[in-house]
Amino acid sequence: HDWEKRVRYSCRVKTEKGIVVLVTGAAGFVGSHVSLALKRRGDGVLGLDNFNDYYDQSLKRARQGLLDKQGVFVVEGDINDAPLLKKLFDVVPFTHVMHLAAQAGVRYAMQNPNSYVHSNIAGLVTIFEICKSANPQPAIVWASSSSVYGLNSKVPFSESDRTDQPASLYAATKKAGEEIAHTYNHIYGLSITGLRFFTVYGPWGRPDMAYFFFTKDILQGKSIDVYQGLNKVDVARDFTYIDDIAKGCVAALDTAKKSTGSGGKKKGPAQLRIYNLGNTSPVSVPDLVNILERLLKVKAKKNIISMPSNGDVPFTHANVSLAHTELGYQPTTDLQTGLKKFVKWYLSYYGVPGRISKG
Ligand code: NAD
């Protein structure tokens, strides 16, 4: 009873638009930021997360604490738990689902392939199934990934570019998700918007990502491995600041059309969209390290090594003109500015080395 009360309280709506969102992966990096952004403007927001141990669970708990303070309840559970989802939908008529829960990371798939199938394929289908049967059917916004472009040599990457050569199992499951989205849109009239995020970074970020563990290792005086691509070409990423991504997610949610229901025949076709959300200006990993050295005021010990063939791609670069035109998406934070905010958060959360330490 108390549980139901908390669910309802979390979903109370403070605007006329009446938007109530189920955010999966809410204790995650992107999910926590997006949940807060939605809550801040008065939407009803309920989180769902299984708090898995892919990385430091205490960081997920800390994000949960942050959400809790702002009135967002994060239900602990798996996206494959259909009865739990049914229970949530019985209590709350969600207008939208922001589906951000997934098994992220490229290298982890070498040892844990089934985790990707479980969360990114089976879990996605479970989410689409519950949305299909819900009344009203919520519009869905979900996270795909820039990794679907694989070893694409044509830059910048546009949504219409080929995505038939995923370089990792992670990428393959995201690509599969896009195909599955097509089917649910086509057969059941679900409104589905997929967002291809490009290397998201910022405060409350993911400890398994390079900018994060570089910061940790540089501060601890440990050496860092800096990968080089073929022919000693620097690896580069289109690093995108979390606030820009969160804004893009909210804009995608606001632009998502209502689902039309089975077949979509009566009310016209339901929306099926896919957008790049990136920063449009790739930075090489050596330049990333230079920025971190300046911000941390510590010189990094670097091992320059060739990139192992574990699923990473050498280069990413987003063309965001479609998201700009249709969502009004416009990234505004350069890497230097965004990393400054990340480092500030990192030092306040983990403490200055030698004084306090959590990690
Ligand atoms: P994250 O790991 O911090 O967040 C994902 C959250 O989902 C975690 O809290 C995890 O506990 C939860 N989760 C995982 N499997 C679950 C399951 N089966 N049931 C319930 N909860 C589950 O990752 P993130 O960086 O916030 O990524 C969010 C989404 O964006 C993911 O879909 C990811 O693939 C995608 N993405 C992220 C990036 C990036 O650079 N961060 C880039 C491209 C795509």
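Each reported figure results from applying straightforward, stated rules to the coordinates on display, with no laboratory input. These numbers were taken from a predicted model, which means no experiment stands behind them. No Cβ is skipped: glycine too gets one built from the backbone with ideal geometry, and neighbour counts run over all protein chains shown.
A few remarks follow.
- Residue check: R63 meets all listed conditions (1) part of a loop (DSSP other than H, G, I, E, B); (2) touching a residue at least 60 places away in the same chain (Cβ under 8 Å); (3) near the ligand (Cβ under 9 Å from one of its atoms); (4) in contact with a Phe, Trp or Tyr (Cβ under 8 Å, 6 or more places away or on another chain) but one, namely (1).
- Options L48, L22; residue that is in a strand (DSSP E or B), under 27 Å from D244 (Cα atoms) and within 9 Å of the ligand (Cβ to nearest atom): L48
- Residue under evaluation Y188, criteria (1) in contact with a strand residue (DSSP E or B) (Cβ under 8 Å, 6 or more places away or on another chain); (2) among the aromatic types (F, W, Y); (3) away from the ligand (no atom under 16 Å from the Cβ), criterion not met: (1)
- Meets criteria (touching a Lys or Arg at 6+ places or on another chain (Cβ under 8 Å), aromatic (F, W, Y) and surrounded by 20 or more Cβ atoms within 10 Å (Cβ to Cβ)) for F198: yes
- If you go through segment 195-247 and keep only what is charged (D, E, K, R), assigned to a strand (DSSP E or B) and within 14 Å of the ligand (Cβ to nearest atom), you end up with R196, R237.
- Residue within segment 240-254 that is farther than 28 Å from A37 by Cα and either free of Cβ contacts under 8 Å to residues at least 40 places away in the same chain or basic (K, R) (or both) present: no
- Any hit, segment 147-158, residues being outside any helix (DSSP H, G or I), within 16 Å of the ligand (Cβ to nearest atom) and hydrophobic (A, V, I, L, M, F, W, C): yes
- Looking only at segment 25-44, and only at residues there that are within 9 Å of the ligand (Cβ to nearest atom) and in a loop (DSSP other than H, G, I, E, B), the one that is surrounded by the most Cβ atoms within 10 Å (Cβ to Cβ): A26
- Residues in segment 94-114 that are more than 8 Å from the ligand (Cβ to nearest atom) and buried (at least 18 other Cβ atoms within 10 Å of the Cβ): F94, T95, H96, V97, M98, V106, Y108, A109.
- Which listed residue is part of a loop (DSSP other than H, G, I, E, B), under 20 Å from G229 (Cα atoms) and in contact (Cβ under 8 Å) with a residue 40 or more places away in the chain, from A171, A167: A167
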